[in-house]
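Quick notes on the structure that follows.
The values are calculated or read from the model by the stated rules, or taken from the named source; none is laboratory data. None of the values given here were measured: they were computed from a predicted structure. Positions of Cβ are generated from backbone atoms using ideal geometry, with glycine treated the same way; all protein chains shown enter the neighbour counts. To get the accessible areas, we keep the full protein, side chains included, count just its heavy atoms, and leave off ligands, DNA and RNA. Shrake-Rupley method; radii C 1.70, N 1.55, O 1.52, S 1.80 Å.
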Amino acid sequence: MPQKPQDRSAERLEEHLTIYPHLADRILRQLLFSLHERGVVTIDQIYEEARAAAGRVPPQDEVNNPNVANAPRGDQNERDLVNQITMRYVVESLRAHEIDEVVNLTLKREEADKLRAIVTLGSVSFRLLADTVRRFCALPEGELQLTPDEAMGIRVGLIRHMISDQLEFIAISKRWLRIRDFEGLIERTIGPESGMGRVGGKAAGMYLAATILGARRHTIPAEAAKQPGLSNYTPTSAPQHDAFALAMPESFYLRSDVIEDFIAFNGLGEYQNQKYKTPDEIHKEYRLIRSVFRNSDFPSGIIDQLRNMLVKIGDHPVIVRSSSLLEDRFGTAFSGKYASLFVANQGTIDERLSALLGAIAEVYASALGPDPLIYRREHDLLDYEEDMAVLIQKVVGQRFGPYFAPAFAGVALSRNEYRWSPRIKKNDGLLRIVMGLGTRAVDRVAGESPRLVALGVPTLRYESSANEIMANAQRTIDVINVETNRLESIKLEQLLEYASDFPMLDRCVSIRRDGMLAPPMGTYIDTPPRDLFITFDKLMNEGSFPEQLRQILRKLEDAYGAPVDVEFAHDGERLFILQCRTLSQYTESEAVRIPTDIPDERIIFSASKFIRSGSVENIEYIRYVDPRDYDNVPTREERVEIARTIGRVNEKLAGKRFILIGPGRWGSNDVRLGVPVSYADINRTAMLIEVAREKDGYVPEVSYGTHFFQDLVEARIVYLPLYPDDRRNRFNDTFLGGAPNCLKDLIPESESTQGVIRVIHLPSAAGGRLLQVDMNGQEDRAVAYLRHD
């Protein structure tokens, strides 16, 4: 005979009370609340019934008397009666699965109370925190959830202990990260169980962005990408139409406290005071520090955990990325300041482990390099107790021949400050995209450029002709060679030897025919390499990728409440979110009225391309590197010394107003194309100017979106490219080349660079006048002139 529902309910209730006797009162209290909320019976009715059964009904004249307690405090007998009556109503009114849901909610609240008590502690071990989170997450999610106020305090505590203590980050992430999301971090965190540390800024930004986008579980389909906004959009579990599935790379998190153990284990504490040394001392000693760190040992427990991680990953290439506690914070991104190293991860497990440990140690050492320390000094962060966490990720991509790389990668910005047409809207965002690894999208590299895409009008190029597109197109692809076990740069023709294995090749290249460029008709390409150019025209012209990316940026900007900068890579099947941080921006300026009556002899230079509105006033010094002189410098070592001398002048002129003018691409990793300065060499300049002379082959790069450009924005350094050979422009070679050079007065030991670097003290060279640069972005015009006050 079938069992009646009431019998099943009675059995299920009895079973729960038997399993959890220590929670019996709490379970019955939660069931009582549930009966009340469902309208079965009120709490007052049950208590009145219990008092009646106990013979404790108050006199009628005391009922509703405001001067008399509503009911006398019940004794244990009354409480037992309340439980019995509650059980009767539960059995009569709730089904077995409904009882299960209420009991599950009670267990959640019990575990939540324990978790809340732990996260409020100032110091707690990783093991204790992890075990408590795991117990909470082991409970079924169920239909009944903790209320937002119950969960919020726990979320904040977990964020503070495991991710970040920055209030701006906590304010955003507490609205998106659920308690269960922390289990994923815990299971992939590496560090001593008795310690506690955070995963750092880069890991935090990536994990939060992936959560906001549903990239750890879901896909944004094409039809959602066509909607005005995504704020009400619920991701689906499978891609639709031609949108790319979103994903987050398989990642592991070396906690920030591990570096403390590493330093103590090797007796490296003396180097913690590097931040208080002079820039010159920091420069000189950094090479030694890198060597010392790379050859130091790790505690055995960390080595064992990293070995186990490599067993899980196999021989898939990895990237070891810095994730400092200071990195990717609001207002201080530290873009490109710390090391991130690719590891091919080939060979025996011991060989792979040795390479991984060396890369981690080098990332640790990079925290003591000139750029991050000078950057910290400039932003009043020198005394912050910085610990370096490390993010270890499987590299996104596929293997083709001996090489491994993504189909394409890049950086996307939710705001476009570089608008080369009135059709381009600032809020549509900008994309910098390259074939292969994304290093060429965020760094300044040799004489080629990534494809720039205004996401609102993705087919609109800034180049004016097919010849210009071909001249600037990317020709070199960064890859990992899994046979030589190193990062390499290969030419397109080398990649084409394995064209059948390279994903989405037809969407990356265009074919030259009769002096014009056109995307391939199909997926098979047999065109000679000399007629193939990396343009991404087919990717931009067909499908929804630009619009999908634009909506991703919009959703992240809405969540962050600020413009964002996102790094991504595509393996031919999925679009991976690699990094997300807030985007620093120049302050908007009104259009400046440029004087029309400036005498020719007082104009130092003028420009008519890529101008932002603003003025730079009261300039006392010009630091000038003539492109022709720089081109005659024969060795890399001498060119590096020029960069170091510029850095010394940078420090010597602290507190003065000066600008920096030089060839091609400042900060390029190719010394032939520009002076290889770093942030520490230029951070005090008011303006940085790149000179492009046609006959010298120096070409300023549209650098918006690179780490270098972010440095300029955060340091409030105005950027301007100059084209002296353009007949519309003025360039006063006579003054810049003939004015007295005071470099030796500032840096007596700079004799070897005297013929290349010129430092002009304007009041001395120009009859007491100072320089002013006025820029009008609406007219695309800028003029630098000696003011006559």
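One line per residue, one yes/no per condition, for (1) in contact (Cβ under 8 Å) with a residue 12 or more places away in the chain; (2) farther than 25 Å from Ser449 by Cα; (3) surrounded by fewer than 24 Cβ atoms within 10 Å (Cβ to Cβ):
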residue	(1), (2), (3)
Pro519	yes, no, yes
Asp531	yes, no, yes
Ile577	yes, no, no
Arg581	yes, no, no
Ala591	yes, yes, yes
Quiz prompt | Residue list for the stretch 404-437, restricted to those being open to solvent by 10 Å² or more (accessible area, probe 1.4 Å), outside any helix (DSSP H, G or I) and in contact with a Gly (Cβ under 6 Å, 6 or more places away or on another chain) | solution = Phe404, Lys425
Exercise. Identify the residue in the stretch 296-314 that is in contact (Cβ under 8 Å) with a residue 40 or more places away in the chain and of a type outside the set (A, V, I, L, M, F, W, C) and, among all such residues, is nearest to Arg648 (Cα to Cα).
Key: Ser296
Quiz item: Which one of these is within 14 Å of Ala407 (Cβ to Cβ) and of a type in the set (A, V, I, L, M, F, W, C): Leu539, Leu532?
Solution: Leu539
Quiz item: In this structure, does Phe169 turn out to be closer than 25 Å to Gly301 by Cα and of a type in the set (Phe, Trp, Tyr)?
Solution: no
Practice problem: Select from the stretch 190-229 the residues that are more than 19 Å from Val156 (Cα to Cα) and at pLDDT 85 or above and write down the one among them that is surrounded by the fewest Cβ atoms within 10 Å (Cβ to Cβ). | Solution: Ser194
Quiz item: Could you list, in sequence order, the residues of the stretch 340-384 that are open to solvent by 20 Å² or more (accessible area, probe 1.4 Å) and touching a strand residue (DSSP E or B) at 6+ places or on another chain (Cβ under 9 Å)?
Solution: Ser340, Leu341, Phe342, Arg352, Ala355, Glu362, His379, Leu381
Practice problem: Check whether at least one residue in the stretch 114-123 is closer than 20 Å to Ala203 by Cβ, open to solvent by 10 Å² or more (accessible area, probe 1.4 Å) and out of contact with any helix residue (DSSP H, G or I) (no Cβ under 6 Å at 6 or more places or on another chain), and report yes or no. | Solution: no
Self-check item: the stretch 251-276, subset closer than 28 Å to Ala680 by Cβ and of a type in the set (S, T, N, Q), residue surrounded by the fewest Cβ atoms within 10 Å (Cβ to Cβ)
Solution: Asn273
Self-check item: strands (runs of 3 or more DSSP E) enclosed by the stretch 438-499 - at least 1 residues per element that are out of contact with any Phe, Trp or Tyr (no Cβ under 7 Å at 6 or more places or on another chain), of a type in the set (A, V, I, L, M) and surrounded by 21 or more Cβ atoms within 10 Å (Cβ to Cβ)
Solution: 451-454, 476-481
Self-check item: Subset of the stretch 679-704 that is polar (S, T, N, Q) and at pLDDT 85 or above - its residue that is nearest to Leu413 (Cα to Cα)
Solution: Asn683
Exercise. Report yes if some residue within the stretch 604-619 is in contact with a Gly (Cβ under 9 Å, 6 or more places away or on another chain) and buried (at least 23 other Cβ atoms within 10 Å of the Cβ); otherwise report no.
Key: no
Quiz prompt | Some residue of the stretch 153-166 being basic (Lys, Arg), open to solvent by less than 60 Å² (accessible area, probe 1.4 Å) and within 23 Å of Arg29 (Cα to Cα) | solution = no
Exercise. Scan the stretch 315-325 and give yes if some residue there is within 26 Å of Glu250 (Cα to Cα), small (Gly, Ala, Ser) and free of Cβ contacts under 8 Å to residues at least 24 places away in the same chain, otherwise no.
Key: no
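Is one or more of the residues making up the stretch 635-646 open to solvent by less than 30 Å² (accessible area, probe 1.4 Å), charged (D, E, K, R), outside any loop (DSSP other than H, G, I, E, B) and more than 17 Å from Ile760 (Cα to Cα)? It would help to see each step written out before you state the result.
Applying the first criterion (open to solvent by less than 30 Å² (accessible area, probe 1.4 Å)) to the stretch 635-646 yields 639, 642-643, 645-646.
When the remaining residues are screened for being charged (D, E, K, R), the result is 639.
So of that shortlist, the ones also outside any loop (DSSP other than H, G, I, E, B) come out as 639.
Keeping just the survivors that are more than 17 Å from Ile760 (Cα to Cα) gives 639.
The answer is yes, given that some residue of the stretch 635-646 is open to solvent by less than 30 Å² (accessible area, probe 1.4 Å), charged (D, E, K, R), outside any loop (DSSP other than H, G, I, E, B) and more than 17 Å from Ile760 (Cα to Cα).
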Quiz item: If you check Val395, Val390, Val442, which single one turns out to be under 30 Å from Thr189 (Cβ atoms) and at pLDDT below 95?
Solution: Val442
Self-check item: Residue count for the stretch 518-533, restricted to those that are within 19 Å of Val457 (Cα to Cα) and in a strand (DSSP E or B)
Solution: 1
Quiz prompt | Those residues of the stretch 330-358 which are modelled with pLDDT under 95 and β-branched (Val, Ile, Thr), in sequence order | solution = Thr332
Quiz prompt | Residue pairs meeting the criteria (Cβ under 6 Å; at least 6 apart or on separate chains; first closer than 26 Å to Asp726 by Cα and of a type in the set (Ser, Thr, Tyr), in the stretch 764-789; second open to solvent by less than 80 Å² (accessible area, probe 1.4 Å) and in a loop (DSSP other than H, G, I, E, B)) | solution = Tyr785/Ile598
Exercise. Look through the stretch 12-58, keep the residues that are more than 25 Å from Asp75 (Cα to Cα) and without any contact (Cβ under 8 Å) to a residue 12 or more places away in the chain, and return whichever of them is surrounded by the most Cβ atoms within 10 Å (Cβ to Cβ).
Key: Glu15
Practice problem: Output the qualifying pairs, or none if there are none: Cβ atoms under 6 angstrom, residues six or more apart or on different chains, first residue in the stretch 143-158 and farther than 25 Å from Val199 by Cβ, second residue among the aliphatic types (A, V, I, L, M) and surrounded by 13 or more Cβ atoms within 10 Å (Cβ to Cβ). | Solution: Leu144/Leu105
Practice problem: Name the one entry in Phe298, Phe330, Phe293 that is surrounded by 14 or more Cβ atoms within 10 Å (Cβ to Cβ), aromatic (Phe, Trp, Tyr) and within 24 Å of the chain's Cα centre (by Cα). | Solution: Phe330
Quiz item: Restricting to the stretch 717-761, what's the tally of residues that are part of a loop (DSSP other than H, G, I, E, B) and either touching a residue at least 24 places away in the same chain (Cβ under 8 Å) or of a type in the set (A, V, I, L, M, F, W, C) (or both)?
Solution: 16
Quiz item: Of Arg73, Arg79, which residue is modelled with pLDDT under 90, open to solvent by 60 Å² or more (accessible area, probe 1.4 Å) and part of a helix (DSSP H, G or I)?
Solution: Arg79
Quiz item: Can you name every residue in the stretch 272-314 that is charged (D, E, K, R), closer than 25 Å to Asp383 by Cβ and assigned to a helix (DSSP H, G or I)?
Solution: Lys275, Asp280, Glu281, Lys284, Glu285, Arg290
Practice problem: Go through (1) under 17 Å from Leu254 (Cα atoms); (2) assigned to a loop (DSSP other than H, G, I, E, B) one by one and return the number of the condition Ala355 breaks. | Solution: (2)
Quiz item: Within the bounds of the stretch 99-108, is there any residue that is touching a His at 6+ places or on another chain (Cβ under 9 Å) and of a type in the set (Asp, Glu)?
Solution: yes
Quiz item: Residues in the stretch 504-515: is at least one part of a helix (DSSP H, G or I), over 32 Å from the mean Cα position of the chain (by Cα), in contact (Cβ under 8 Å) with a residue 12 or more places away in the chain and surrounded by fewer than 20 Cβ atoms within 10 Å (Cβ to Cβ)?
Solution: no
